[in-house]
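**Student:** My structure is below; once you've seen it, I'll send some questions.
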Amino acid sequence: MKIRKSNFTAKTTLAVQIYGSEYELSANAEPEYIRQLAEEVDLRMRAMAQKFPHYTRYKIAILTLLEMADELRSIQSTLSQQEAQIEARLQQMEMFMEKLLA
């Protein structure tokens with residue numbers, strides 16, 4: 001699922017269903033964006049519950065959160081590596097341009 005956040009500035013409050021419970025959420029985001037996030041969490045919790053059917057809701061939520069945090073950290077690490085590679089390439093290009101112009 002691809003989720004995109006817009007530059008929405010008005011406060012939105014709406015009810016969403018996550019893993020069988022209703023939550024009222026407020027955020028500076030479009031309602032559809034909030035619904036998409038809630039749906040993603042719901043799907044992930046349901047998938048985790050299938051792996052561990054005897055775990056409590058609390059444990060399912062924590063395991064889902066840990067899984068999502070791990071994914072986030074992995075993405076951040078990849079992004080940092082890519083930024084470093086781009087910076088190195090830019091420096092190489094800058095040095096090359098300076099030699100050409102000298």
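Laboratory data are not the source of any read-out in this text; all were calculated from the coordinates shown. What you are looking at is a predicted structure, and each value in this text was computed from that prediction instead of being measured. All Cβ positions, glycine included, derive from the backbone under ideal geometry; neighbour counts span all protein chains shown.
**Student:** Would a scan of the range 20-34 turn up a residue that is touching a strand residue (DSSP E or B) at 6+ places or on another chain (Cβ under 6 Å) and of a type in the set (Ser, Thr, Tyr)?
**Tutor:** Checked against the condition, which is being touching a strand residue (DSSP E or B) at 6+ places or on another chain (Cβ under 6 Å) and of a type in the set (Ser, Thr, Tyr), the range 20-34 yields at least one hit.
**Student:** Quick check, is Ala10 assigned to a loop (DSSP other than H, G, I, E, B) and either among the hydrophobic types (A, V, I, L, M, F, W, C) or surrounded by 11 or more Cβ atoms within 10 Å (Cβ to Cβ) (or both)?
**Tutor:** Criteria met by Ala10.
**Student:** Just for the range 20-70: of the residues that are within 27 Å of Ala10 (Cα to Cα) and hydroxyl-bearing (Ser, Thr, Tyr), which one is surrounded by the most Cβ atoms within 10 Å (Cβ to Cβ)?
**Tutor:** In this case the residue turns out to be Tyr33.
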